[in-house]
Every structure is written in C-alpha cells, then in structure tokens.
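**Q** Sharing a structure here in structure tokens format.
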Amino acid sequence: MSGQPILELRGVSKRFGAVQALTNVDFRAIPGEVMALVGDNGAGKSTLIKGVAGIYPFDEGEVYFEGRRVTIHNPREASALGIEVVYQDLALADNLDVVANMFLGREQVSRVGRLSELEMEEACIRTLSGLSVTTLRSVRLPVAALSGGQRQSIAVAKAVMWNSKVVILDEPTAALGVAQTRQVLDLVRRLADSGLAVVLISHNLHDIFEVSDRITVLRLGYLVREMVVKETDYESVVREMTAGQLNRVPGMRDHE
Amino acid sequence: MTAQVLESPQGKSKIKIENVLYSPALQRVLAFAALIVLIVVFSIASPNFLQFRNITGILLATAVNGILALGVTFVIITAGIDLSIGTVMTFSAVMTGVFITRWGFDPLLGVLCGILSGSFAGMINGIVIAKMKVPPFVATLGMMYMAKGLALIIAELRPIYFNDVPGFSTIATGSVVGSILPDFNIPNAVMIMFIAAIVGSFILFKTILGRYTFALGSNEEATRLSGVNVDLWKIAVYTLSGTFAGLAGVVIAARLNSAQPALGQGYELDAIAAVVIGGTSLSGGEGSILGTIIGAFVISVLTNGLRILSVPQEWQIVVTGVIIIVAVYFDMVRRRRSR
C-alpha cells in the first residue's frame, strides 16, 4: 500500500516573532492514502499546511513534490503544482451559486470576454456526479442556501476539480452533524481511493480512524511520530498527542 | 443519473420560490411597484404629469444620476463605497472643457479624454483602497475633496462654456431617436443612460469583472484564497465607477452647454440613494443594474411629481429621505427572513 510520497517536507521550521511554531518537522503525503495530521491546539498543524499552501514560506527545510525540490511562494503556485487546500472557514462566497464558486478564480471565458456559463455548469455537474455528491437540488442555488455538509462537499469538489494531486482538508467535519459528517468522510475516502493524496486535519479521532491510513502526530511544533492506523489504537494516539516523546528537544538540535 | 436528479422538475419549482425569497429580486419588484404607484398617484393628481413633455423632463433629469448610480452599483456590490463620483463628474466635465476649448482637441477626442480623466480618478481611488489599504469611505472622501478642488483650480473658478463648439450640447439634448421617429424626441442623454445600463448589466452578469465584483462583496478572503488577484480587480471596479462618473460629466456638461466647476457635490448621495432603493445591499454581494435604474427613476419621479403638485422643494427632500429609509428597512426585513 505504501507508494512513493508525492509531497514530502524535510526538516521544516517556522518562527513567528518569539514563537517557534514548527521545528524541524518531516511530513509526507502518499497517493491513494489519507494522511491524518493531528495534534493539540498550537501543535503547528495550521502552520504546516499554510506553508505548503504558499500562504507564507517556511524559514528552514525543504519541500519536495513528485521528487523535485520546490519552493511555493503563493497559493497560485501551490495550485499550479496540484496542491489544493480546503480551509476550515470554507473558502466559499455565500452569494454566488455552486457553479460560480467551483470556478472562482478559474472561470472559463469565451473569446469576447463572456463567461461560458453552460460549459462551466456542465463541468460542475460532471465533477459533482463523479464524486457522488448527489444531494444538491440545483447547481444554480447560492451556497448560502445549502446545508453545512453540502457546502463542505462543494468546497472539497472545488479543490479536486482541477486535476489536483494533493488535497489538504482542514477540519472538514468540525461544524457538521452526524449524517453530514458521514457524507463528507465518504467523500474523503473516495478521493483517496481515486488516487489522490489526501491530508486530513482533524480533532476527531473517531473520524480519523475511520478514513485514514496513516497519522502524523505533532506536539508543540515538533514531530512526535508517524503511525500506521492499522497498527495503532485510540489510546496510543492520544498519548502521543498529549505526552509524546519529542524526537528532538528544544535547544538541543545540534547535539543529537 | 446525478444530472437528472439535479434537474428534476420538483427541484426547479422549489428553486423558484427560494429565489424570490433569497434574492434581491423581491426588493426590485417592490421598488418597481413603488415606481408604478408613484406614477399612478401623480397622474391622477395632476393631468400634466403624463404629458410627453413632462415625461421627457423626468427622463432627462434621471440621466445624470442614473449614469452615476450605475458605476457606484459595482462598488457597493463589492461592499465598498464611492463618495467621489459627484465631484469626479465635475472634474471630468471641466477636463472635457479644457481639452476641447483650451487645447483645441477634436470634440470626440475631447469627450473621450474627459471620460478617461474620470477613469483615472477612479483608478487612484482603487489603488489607494487596494494597495494602501485605506478604507473606501475615507479614500473616496479624500478624492471627493481633491476632485472638487482640482476642478475649481483648473477651471479658474469660472464655468467653461462650449458655445464655440458646434453640436456639443446635442450629446445630451439632441435626439437621435427623434430624428428617426419624429414623435419620440427622447433626448440622447437618456439613450446614453440606457445604453450604459445595458453595457453595465452585461459586465455585471456576463463577465469576469462582474463575477469578481460579487465575489469580493460576498467573501473577499475566499476570493483571494481561490487565486484571484483581489487588488487588481478592486482597482478595476473603482476605475469603472470613475469611468461612469466621467461619462456623467460629459452628459451634464453637454446638457448645461458648460462645465460648472462649483457643481457636483451632493450628486453622489442621490446616486447612492438610487442604488439602495434598487435593492443593492450596502453589505455587499447582492445587487443589480435594473434595480439601480428603477431606483434612479423612483427619485426623479418623486421629485418631479411633488414639484407638479407644488409641494415645496424642502419637502421633496424630506420625502426622498423617508423613501430611502423605507427601502432599506424592507431590505433588512427580507434579509432576516431569508437567513
């Protein structure tokens, strides 16, 4: 099951003023697998994905994509590589309909500058069907009129519509009810099964054990360890999250 | 299979009901109904109201405000505001006068450059707002003063007359329609407004600029994260608003056959009132060109009708104020019900 990682971080660090948010962390995402990224608040999960997404650069360390070393300066470059992030606060525009949201930033335009609405609508319906997102009444409804699960599904579909290879989901089920969580987790699994590398950030270990293949545990900005879901259990993960041995002790990096 | 589910007839009927409740269409219908009521009331109250001459007068009175309102509709949909359009209009009128009467530009070129000087002022607004992160209210308030001052300086405190420019005033007061259909002497200024409205509507609903106008007002952060160059499109929206102000400047100069440097302040408020009455939300993300045009007509029909009924002008202003509050109140009620 373990293929070559498509995205790999080696020894990345990030400091915000006096706060060392990430210290020498390794991380990888493998096609066809769901990699969960867990850790308590302030463990550095968000910092890690924002670095990958190009929101800000890492101070140190190397990023490899498909085996090549890359530097990602902004979200556009991340998208160009095939890395998409679905943010916790949902990067959707409420007043726009589903089609407009899915194509936001990548609208198809005819030669005279007219939006190609029909083509976009068809592509949108195709993508949603392909992901089995079938509960929508219409792709022309403003997303404000959709349920939380539907909105999350649209946000995910938007991310994977563009031949993306790595999809990073930040707390996709945080605000959802039981049935809607189910809906989104199924979608997450389908993404991985279709060959994408999925990174799932979540506080909910139940969700993680349901859909993930591996778990990377961060604590206080350090990597604790990467675990295989089948070979571990709740208690071990909780222990690593809250009291895990840090692989490197602050201030002692040079002496290991 | 999914496509069929998505397009089921039940789905469609449900959507229609929801669209009415959720969208600004309801507000537009209300504004339109208010316009009809006003027209009916005034025509019963005064036989002069529906005279062709009076209707032409209403249309002409709407033209300048309508054109200004078109531009600021875009800005307001992005959840911004443009207070500078009134004096930018004056600035453009003065620049048109300078280009044509002082520098001897061909009138057509002069008009084009006059409009572009409005675009330029709008672009400065956009840069100050997008790049320097100055709030739109403050940035355009500053531009309001700057344009007013510059108009006075450049015109040397006096009106610039176009008496030596044959045909200039026909831009507004002539009638191309009338020359084809002699019974319909609709002034060119009105036709310019309608054409500008059609162009504006196309831009708003059929092009990327319009799509991003809504997106910016709806969720600027999401738009940025989707890879849209937010700063660039903001500048484009304010430039567009300035361009419409420039066009209004040419029209008002042609109508008065002169550029009046002291005019202009206060026009921005009438334009914003028209936009708001037409159902465009000041909190952004919603709005339409049709609504704005209806809003502009509500204001000018009201003013005209009250004048025909010999209501003192002071009271006309009071009534306009009441209408604005009622319009926004209805908008708020609709919003609370739909969320």
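The values are calculated or read from the model by the stated rules, or taken from the named source; none is laboratory data. Nothing here was measured: the structure is a model prediction, and the numbers come from that model. Using ideal geometry, Cβ is built from the backbone for each residue, glycine included, and neighbour counts are taken over all protein chains shown.
**Q** Among the helices (runs of 4 or more DSSP H) confined wholly to region B:225-339, which include 2 or more residues that are under 30 Å from A:H73 (Cα atoms)?
**A** Hits in region B:225-339: B:230-256.
**Q** Right, next: Scan region B:46-80 residue by residue and report those that are over 18 Å from B:I299 (Cβ atoms), over 10 Å from the mean Cα position of the chain (by Cα) and not hydroxyl-bearing (S, T, Y).
**A** Selection gives B:P47, B:N48, B:L50, B:Q51, B:F52, B:R53, B:V75, B:I77, B:A79, B:G80.
**Q** Here is a follow-up. When region A:67-88 is examined, which residues are found to be of a type outside the set (S, T, N, Q) and exposed (fewer than 14 other Cβ atoms within 10 Å of the Cβ)?
**A** Of everything in region A:67-88, those that are of a type outside the set (S, T, N, Q) and exposed (fewer than 14 other Cβ atoms within 10 Å of the Cβ) turn out to be A:G67, A:R68, A:R69, A:H73, A:A80.
**Q** Counting only residues that are over 30 Å from B:I153 (Cα atoms), give me the helices (runs of 4 or more DSSP H) lying completely in region B:32-141 with at least 2 of them. Reasoning before the result, please.
**A** Working: elements: B:52-77, B:85-97, B:107-130.
Filter on region B:32-141 gives B:52-77.
**Q** Moving on to the next point. Using the structure shown, decide if A:Q150 is surrounded by fewer than 20 Cβ atoms within 10 Å (Cβ to Cβ) and more than 10 Å from chain B (Cβ to nearest Cβ).
**A** Spelling it out, it is not the case that A:Q150 is surrounded by fewer than 20 Cβ atoms within 10 Å (Cβ to Cβ) and more than 10 Å from chain B (Cβ to nearest Cβ).
**Q** Can you tell me which condition A:N41 does not meet? The list is (1) within 14 Å of chain B (Cβ to nearest Cβ); (2) free of Cβ contacts under 8 Å to residues at least 40 places away in the same chain, and all the others hold.
**A** That leaves (1) as the condition not met.
**Q** Quick check on region A:71-90: of everything there that is closer than 15 Å to A:E171 by Cβ and of a type outside the set (F, W, Y), which residue is farthest from the other protein chains (Cβ to nearest Cβ)?
**A** So in region A:71-90, the residues closer than 15 Å to A:E171 by Cβ come out as A:85-90.
Retained after the next criterion (residues that are of a type outside the set (F, W, Y)): A:85-86, A:88-90.
On the way: A:V85: 8, A:V86: 10, A:Q88: 12, A:D89: 8, A:L90: 7 Å.
So, considering only residues that are closer than 15 Å to A:E171 by Cβ and of a type outside the set (F, W, Y), the one farthest from the other protein chains (Cβ to nearest Cβ) is A:Q88.
**Q** If you don't mind, there's one more thing I want to ask. Please specify each residue of region A:105-144 satisfying the condition of being hydroxyl-bearing (S, T, Y) and under 29 Å from A:D186 (Cβ atoms).
**A** A:T127, A:S129, A:S132, A:T134, A:T135, A:S138
**Q** While we're on this one: Could you tell me whether region A:91-99 includes any residue that is within 14 Å of another protein chain (Cβ to nearest Cβ), under 22 Å from B:V230 (Cβ atoms), of a type in the set (A, V, I, L, M, F, W, C) and in contact (Cβ under 8 Å) with a residue 60 or more places away in the chain?
**A** Yes: region A:91-99 contains one or more residues that are within 14 Å of another protein chain (Cβ to nearest Cβ), under 22 Å from B:V230 (Cβ atoms), of a type in the set (A, V, I, L, M, F, W, C) and in contact (Cβ under 8 Å) with a residue 60 or more places away in the chain.
**Q** Moving on to the next point. Sort out which residues of region B:281-303 are among the polar types (S, T, N, Q) and at pLDDT below 90, and write them in order of number.
**A** Result: B:S281, B:S283, B:T303.
**Q** Mind listing whichever residues of region B:244-259 are among the aliphatic types (A, V, I, L, M) and more than 13 Å from B:A151 (Cβ to Cβ)?
**A** B:L247, B:A248, B:V250, B:V251, B:A254, B:L256 - these are the residues of region B:244-259 that are among the aliphatic types (A, V, I, L, M) and more than 13 Å from B:A151 (Cβ to Cβ).
**Q** Right, A:S138: part of a loop (DSSP other than H, G, I, E, B), small (G, A, S), within 10 Å of chain B (Cβ to nearest Cβ) and under 20 Å from B:F214 (Cβ atoms) or not?
**A** Yes; evaluated as a whole, the condition is true for this residue.
**Q** Further, regarding this structure: Among (1) crowded, with 17+ Cβ neighbours inside 10 Å; (2) within 14 Å of chain A (Cβ to nearest Cβ); (3) not hydroxyl-bearing (S, T, Y), where does B:D231 come up short?
**A** Unmet condition: (1).
**Q** Looking at the structure I just gave you, is B:A151 among the aliphatic types (A, V, I, L, M), at pLDDT 95 or above and either assigned to a strand (DSSP E or B) or under 23 Å from B:V275 (Cα atoms) (or both)?
**A** Considered against the rule, which asks whether it is among the aliphatic types (A, V, I, L, M), at pLDDT 95 or above and either assigned to a strand (DSSP E or B) or under 23 Å from B:V275 (Cα atoms) (or both), B:A151 comes out as no.
**Q** Pick from B:T207, B:T213: which is buried (at least 24 other Cβ atoms within 10 Å of the Cβ) and either within 13 Å of chain A (Cβ to nearest Cβ) or at positive phi (or both)?
**A** B:T213
**Q** Same structure, new question: Within region B:154-184, take every residue that is in a helix (DSSP H, G or I) and of a type in the set (V, I, T) and give me the one that is surrounded by the most Cβ atoms within 10 Å (Cβ to Cβ).
**A** Of everything passing the filter in region B:154-184, B:I171 is surrounded by the most Cβ atoms within 10 Å (Cβ to Cβ).
**Q** Counting only residues that are more than 9 Å from every other protein chain (Cβ to nearest Cβ) and outside any loop (DSSP other than H, G, I, E, B), which one in region A:101-127 is surrounded by the fewest Cβ atoms within 10 Å (Cβ to Cβ)?
**A** Within region A:101-127, the match that is surrounded by the fewest Cβ atoms within 10 Å (Cβ to Cβ) is A:L118.
**Q** Kindly list, by first and then second residue, each pair from a residue in region A:189-215 that is crowded, with 22+ Cβ neighbours inside 10 Å and in a loop (DSSP other than H, G, I, E, B) to a residue that is of a type in the set (A, V, I, L, M, F, W, C) and at pLDDT below 90, limited to pairs with Cβ atoms under 7 Å and residues at least 6 apart or on different chains.
**A** Every condition considered, the pairs that remain are A:L196/A:V160; A:S212/A:V229.
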